[in-house]
Amino acid sequence: MNEDNLQNFIKAIVDGDQALAISEVENLLSNQVSKQTIITDGIEPAMMQLDNRCTAEHYNLLELMLAGRAVDAVTKILFPDGLDSKNTKGKIIVASLEGDVHDLGKNIVKKVLMGKGYYVIDCGKDTLIEKLINTAKRENVIAICISGLITSVIPQVQQLKDRLKGYELDNIHILAGGAALKQSNSGDLKVDYVGDTVFDAVHYIEKIAEKGMNNE
Ligand code: B12
């Protein structure tokens, strides 16, 4: 892998230069750099460089929005639309919870799982927990992936398993990830699994889906 190319890609995202980010990602793909590397060693560290742009002292909404737009465009190149029709390996909900408008990570989780053959129901960002429960009641989902970027969502995450239990849906696996949740453990969050990156989510879900198929 060409480390310079990756650094150019990171810089294009940090600068919010969408056109350059697209040409850099195309360059990485043509150099056989994997999508996993592009996400974990490219997109994630790029956005981490903007970490302090969300703080009161250094707040810069424009920079964040431009970088977010570049990430969205890159995600579309990595995972083009149209992968979503016949995904049959199991249904999965993805969402960010009420009060959390961050959705770049959630969208990547959605696309990667779709690419792996799962049918993903995107409940969106800033989502009421009731919407997740109603969707879980209606659809035969095997897992719910919560992407949590701000710590204020933690109490909602902690009640999800019990709320599902009220409808005898506690067999649904709850996965948590994103900056605010990956620092906790599954016991504290009362979920089944906490993952660092989207690929941890994929490994966990592949295991439970396989188990489910063996039990059929
Ligand atoms: C970009 C950004 C924004 C953008 C979001 C744009 C968008 N469409 O998402 C905007 C400008 C809207 C924004 C707003 C705010 N933000 Co902000 N934001 C960020 C920033 C810089 C990057 C987040 C990001 O997109 N990363 C890139 C993606 C790809 O990474 P990711 O989400 O982590 O996802 C990856 C993995 O975590 C994993 N993953 C994600 N979900 C899941 C789920 C599962 C189950 C698994 C296993 C894995 C997994 O897979 C992904 C790919 O590998 C973070 C900094 C940080 N440290 O995260 C702050 C940050 C999250 N924001 C923060 C804050 C404070 C805010 C604001 C309150 C600022 C303000 N004063 O208004 C508002 C909150 C608005 C709200 N109510 O939600 C804080 C949160 C602090 C806290 N502890 O609660 C952070 C941590 C910055 C900081 N250090 O202060 N923000």
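Going by the structure shown, is ALA143 in contact with a His (Cβ under 8 Å, 6 or more places away or on another chain) and of a type in the set (Gly, Ala, Ser)? Against the criterion (in contact with a His (Cβ under 8 Å, 6 or more places away or on another chain) and of a type in the set (Gly, Ala, Ser)), ALA143 qualifies. List the number of the failed condition for ILE39; all other conditions in (1) touching a Ser or Thr at 6+ places or on another chain (Cβ under 8 Å); (2) hydrophobic (A, V, I, L, M, F, W, C); (3) over 30 Å from THR151 (Cβ atoms) hold. Going through the list (1) touching a Ser or Thr at 6+ places or on another chain (Cβ under 8 Å); (2) hydrophobic (A, V, I, L, M, F, W, C); (3) over 30 Å from THR151 (Cβ atoms), ILE39 breaks only (3). Per the listing VAL120, VAL141, VAL157, VAL153, the residue uniquely of a type in the set (A, V, I, L, M) and more than 18 Å from ASP192 (Cα to Cα) is VAL120. Could you tell me whether the stretch 120-127 includes any residue that is in contact with an Asp or Glu (Cβ under 7 Å, 6 or more places away or on another chain), at negative phi, buried (at least 21 other Cβ atoms within 10 Å of the Cβ) and not assigned by TED's automatic domain parsing to the domain that holds ILE43? Yes.
In the set (1) surrounded by 20 or more Cβ atoms within 10 Å (Cβ to Cβ); (2) within 15 Å of the ligand (Cβ to nearest atom), LEU6 fails one condition alone, (2). Being under 30 Å from ASN52 (Cα atoms) and within 13 Å of the ligand (Cβ to nearest atom) is a property that holds for ILE146. Among the residues of the stretch 51-74, not a single one is among the polar types (S, T, N, Q) and at pLDDT 95 or above. Return yes when VAL33 is within 10 Å of the ligand (Cβ to nearest atom) and either at pLDDT 95 or above or surrounded by fewer than 20 Cβ atoms within 10 Å (Cβ to Cβ) (or both) and no when it is not. When the stated conditions are applied, VAL33 does not pass them.
Comparison of GLY99, GLY117 shows that the only residue that is assigned by TED's automatic domain parsing to the domain that holds CYS145, more than 12 Å from the chain's Cα centre (by Cα) and more than 13 Å from the ligand (Cβ to nearest atom) is GLY117.
The values are calculated or read from the model by the stated rules, or taken from the named source; none is laboratory data. Just so it is clear, the model here is predicted, and its values are computed rather than measured. Quick reminder, even Gly has a Cβ in these numbers, built from the backbone with ideal geometry, and neighbours come from all protein chains shown.
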